[in-house]
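Just so you know, all these numbers are worked out from the coordinates, no wet-lab data involved. All values reported here derive from a predicted model rather than from experimental measurement. Using ideal geometry, Cβ is built from the backbone for each residue, glycine included, and neighbour counts are taken over all protein chains shown.
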């Protein structure tokens, strides 16, 4: 099968969307399919890249570390014709998403879409939420998805949101998988040594884009209470983003510079080492549509403290992979209670295999391939029916 993936974000940009696309691409290639990425230019990329077509782009006006293409629809169509694509898979509702729809329409092939982002959690980036309202998100998402042949939602939470928006096209829940082999590689204690954290100190890990919607400030504000019970605990914040300076100032104001460490962005090949060095992966975010970091933590054997929602409840209910909290004030209590357990609930190998199998990149790819096949079959049937009707 020849698949064209259209996305506004791809490596070297770091995001859950880019990671999801790369995971899918690599697994599709492993299974003998051809995958072509249509994406934006990036200042860090120079020269030609195999199977990647980049289009002139500029930073998104209110989201400077993300980009939008400003031209290239006709070039995309020409290249897609040359490649003889079987299906278009859009992974953005913006520039390259619209281009993908145009290409699919012109080539008379199906266009499927993955709805990655809960946009209502990001409205503050545009004129502080005073211009674009939730109603606009609802209408735009509904229109875009209903113009797709079928839609992938990475979680039940995302599917429920789309149904609430009025999306009537087929929606399939397919969680993003991870390459388990990458996380099975055992990292040594070098991370703790680099950060000057002793082997017996509780290490709490936050790994995400450092931005308002990730609610990292709640983890920072919970640390004084954590330190009262776990005096040697360290919070390690991995990632970069627009809120970093503000959060660093918050740490200074709370006199927590000895207990909270900002690492910055790390290479994807090193992510597993941070998970494995940690005692707990902690998150106060409620903006995740797929929670890829939770999956990576489980794959690394690291337990999780997270906010309760539909997604985390489904993920953690299978067998003692962490604990959930409801209110902001419960974060410190949840962390300390979990750390102080003399004997944490042991996860059986069978329970672990059930979860890991469900989140593997192989299973993810197979589900997407089946989704492609069913969509192509249905699209061909409807096209043939339309031809017969018009005769």
**Q.** Order by protection proxy (mean Cβ within 10 Å, highest first), peptides 276-282, 85-91
**A.** 85-91, 276-282
Q. Exposure proxy check: 67, 189, 54, 209 ranked by fewest other beta carbons within 10 Å?
A. 189, 54, 209, 67
Q: Report the antiparallel proportion of the DSSP beta bridges in the chain as a percent, rounded to a multiple of 5.
A: 10 percent
Q. Taking springs between alpha-carbon atoms closer than 10 angstrom, which of 24, 218, 162 fluctuates most in the Gaussian network model of the chain?
A. 218
Q: Kindly express, to the nearest 10 degrees and within the range 0 to 90, the angle between helix 95-107's C-alpha long axis and the longest C-alpha principal axis of the chain.
A: 30 degrees
**Q.** Over the chain: helical MRE at 222 nm, DSSP H runs n ≥ 4 each giving -39500 (n - 2.57), nearest 500
**A.** -13000 deg cm²/dmol
Q: Compute the long axis of helix 134-146 from its Cα atoms, compare it with the longest principal axis of the Cα atoms of the chain, and write down the angle in degrees, 0 to 90, nearest 10.
A: 50 degrees
**Q.** Most mobile of 26, 267, 351 in a GNM of the chain (Cα contacts under 10 Å)
**A.** 267
Q: Would you please report the Å³ per residue occupied by the convex hull of the alpha carbon atoms in the stretch 180-355?
A: 113 Å³
Q) Given a cut-off of under 8 Å on Cα pairs at least six residues apart, what relative contact order in percent is computed for the stretch 180-355? A) 24 percent
Q: Just rank 303, 310, fewest to most, by other beta-carbon atoms within 10 angstrom.
A: 310, 303
Q | Label assignment, P(r) over Cα pairs in 20 Å bins from 0, in percent derived from the structure, set [x] 24, 49, 23, 3, 0; [y] 26, 56, 17, 1; [z] 28, 61, 11 | A | [y]
Q) Percent relative contact order of the stretch 240-303, based on C-alpha pairs within less than 8 angstrom and at least six residues apart? A) 31 percent
Q: Out of all DSSP beta bridges with both ends in the stretch 180-355, state the antiparallel percent to the nearest 5.
A: 0 percent
Q: Order these peptides, 41-53, 372-384, by their mean beta-carbon neighbour count within 10 angstrom, highest first.
A: 372-384, 41-53
Q. Does anyone have the angle between helix 216-229 and the longest principal axis of the chain? Alpha-carbon axes, 0 to 90°, nearest 10?
A. 20 degrees
Q: Please work out whether the stretch 39-169 counts as rounded, prolate or oblate from its C-alpha gyration tensor, where a ≥ b ≥ c are the square roots of the eigenvalues and a/c under 1.5 means rounded, while otherwise a/b larger than b/c means prolate and anything else oblate?
A: oblate
Q | Share antiparallel - DSSP beta bridges, the stretch 48-116, percent rounded to 5 | A | 60 percent
